[in-house]
1. Amide H neighbours of residue 27 under 5 Å, at least 5 residues apart or on other chains, H built in the peptide plane: list them.
2. What residues qualify as long-range amide H neighbours of residue 39, i.e. H under 5 Å apart, gap of 5 or more or another chain, H built at 1.01 Å from N?
3. Would you please name the trypsin sites (Lys or Arg not before Pro) within the range 29-84 that are DSSP coil residues with at most 14 other C-beta atoms within 10 Å of their C-beta?
4. For 82, 75, 35, which order do you get if you count the other beta carbons within 10 Å of each Cβ and list the fewest first?
5. Given H placed 1.01 Å from N in the peptide plane, which residues other than close sequence neighbours of residue 53 have an amide H under 5 Å from its amide H?
6. Rounded to whole Hz and in sequence order, give me ³J(HN,Hα) for the range 22-37 from the Karplus expression 6.51 cos²θ - 1.76 cosθ + 1.60, θ = phi - 60°, writing x for Gly and Pro.
Amino acid sequence: MTNINPTINDSNQAKDEQPAPLNPQGYSRIQPTAELIGLHHQTLRRWWKADKFPKPIDINGIPMFRNSDILHFIESQQSDCEGA
């Protein structure tokens, strides 16, 4: 039996499956975050270096995004689109 941590969003899902909703208290790696946002992972890296996207934190040498930061970013993008 494998132990699955529901607070970490990883890209080991089948491509046909819908991604699980983000747990606001969890963390996500770069690739799944880029796929969720609809960007290439290198674009995501450029955006956080240019302060256009929240910076990841380092967890055991792995850059991880706080899911709460991702959700806030998505909400702000949606509100910007609605206001335009």
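1. Correct list: 8, 9, 67.
2. none
3. 52
4. By the 10 Å Cβ count, ascending, the order reads 82, 75, 35.
5. Here 48 satisfy the definition.
6. Here the 3J(HN,Hα) series is 6, 7, x, 9, x, 9, 9, 7, 5, 4, x, 5, 4, 5, 5, 6 Hz.
Quick note: the coordinates plus some simple rules give every number you see, no bench work behind them. Bear in mind that the values here come from a model prediction, so they are computed numbers and not experimental data. Heads up, the Cβs are rebuilt from the backbone with ideal geometry, glycines too, and the neighbour counts pull from every protein chain shown.
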